[in-house]
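Contents: one structure, followed by commentary.
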Amino acid sequence: KEDIDGLRGKFMALAKAVPRGKLAWRPMEGTKSFHDVFAHIAAEGNTETAMFGRPLPAGSVMDFDAEEARLGKLSDEQVILAMDRAMQSLSETMAGLSRATIQTPITYYGQKTLPRVATTYTLNDLHEHLGQLVAYARMNSIVPPWSKKH
């Protein structure tokens, strides 16, 4: 829970630090924009919440690609709020895993695995997206808020 909450805080800090006119920026053709990465993170939070056994958030769809496309159509402000809610939901879901449920097999992106294994995949992937967003920010001369000297 602490790791997800820390990621959520950094995702939101970066979302607030990026000027709204830059959210469509992408490093090159064929890559995701800031907006797209926020939608991707929100889609992961929503669909993975359901994979870990909690209800799919209202309005979401279980198919990851469809959920990412749905979220990608939201305005910048809406996608940032969706990302925040999705990360909060995922945090609560992971915090609610008991010793029994963490050993009960689930289907995670089409593969049978244990939640204790899937949580590692989830955290690793979200940290990768944080690195992606930090790189995007630095390419735009935006210093991540937690890196600024006071």
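The values are calculated or read from the model by the stated rules, or taken from the named source; none is laboratory data. A quick note: this is a predicted structure, and the numbers were derived from the prediction, not measured. Here Cβ is always computed from backbone atoms with ideal geometry, including for glycine, and neighbour counts include all displayed protein chains. These accessible areas exclude ligands, DNA and RNA; they are computed on the full protein's heavy atoms, side chains included. Shrake-Rupley method; radii C 1.70, N 1.55, O 1.52, S 1.80 Å.
Can you tell me which residue among Ala66, Ala86 is within 14 Å of the chain's Cα centre (by Cα) and either under 23 Å from Tyr136 (Cβ atoms) or assigned to a helix (DSSP H, G or I) (or both)?
None of the others qualify; the one that does is Ala86.
Which residues, taken from the range 37-86, are among the aromatic types (Phe, Trp, Tyr) and either within 18 Å of Leu14 (Cα to Cα) or open to solvent by 20 Å² or more (accessible area, probe 1.4 Å) (or both)?
Of the range 37-86, the ones among the aromatic types (Phe, Trp, Tyr) are 38, 52, 64.
Scanning the range 37-86 gives Phe38, Phe64.
Within the range 9-42, how many residues are outside any helix (DSSP H, G or I) and touching a Lys or Arg at 6+ places or on another chain (Cβ under 8 Å)?
Going through the range 9-42 one residue at a time, the tally reaches 3.
Which residues, counting only those in the range 29-79, are closer than 19 Å to His127 by Cα and among the basic types (Lys, Arg)?
Scanning the range 29-79 gives a single hit, Lys32.
With the checklist (1) surrounded by 13 or more Cβ atoms within 10 Å (Cβ to Cβ); (2) within 22 Å of Trp146 (Cα to Cα); (3) more than 15 Å from the chain's Cα centre (by Cα) in hand, flag the one item Pro19 doesn't pass.
Unmet for Pro19, out of (1) surrounded by 13 or more Cβ atoms within 10 Å (Cβ to Cβ); (2) within 22 Å of Trp146 (Cα to Cα); (3) more than 15 Å from the chain's Cα centre (by Cα): (1).
Working only within the range 94-150, note down all residues that are modelled with pLDDT of 95 or more, surrounded by 11 or more Cβ atoms within 10 Å (Cβ to Cβ) and of a type in the set (Lys, Arg).
Hit for the range 94-150 is Arg138, nothing else.
Quick one: which of Ile80, Ile142 is under 28 Å from Met28 (Cβ atoms) and not in a helix (DSSP H, G or I)? It would help to see each step written out before you state the result.
Values: Ile80 fails: not in a helix (DSSP H, G or I).
Of the residues listed, the single one that is under 28 Å from Met28 (Cβ atoms) and not in a helix (DSSP H, G or I) is Ile142.
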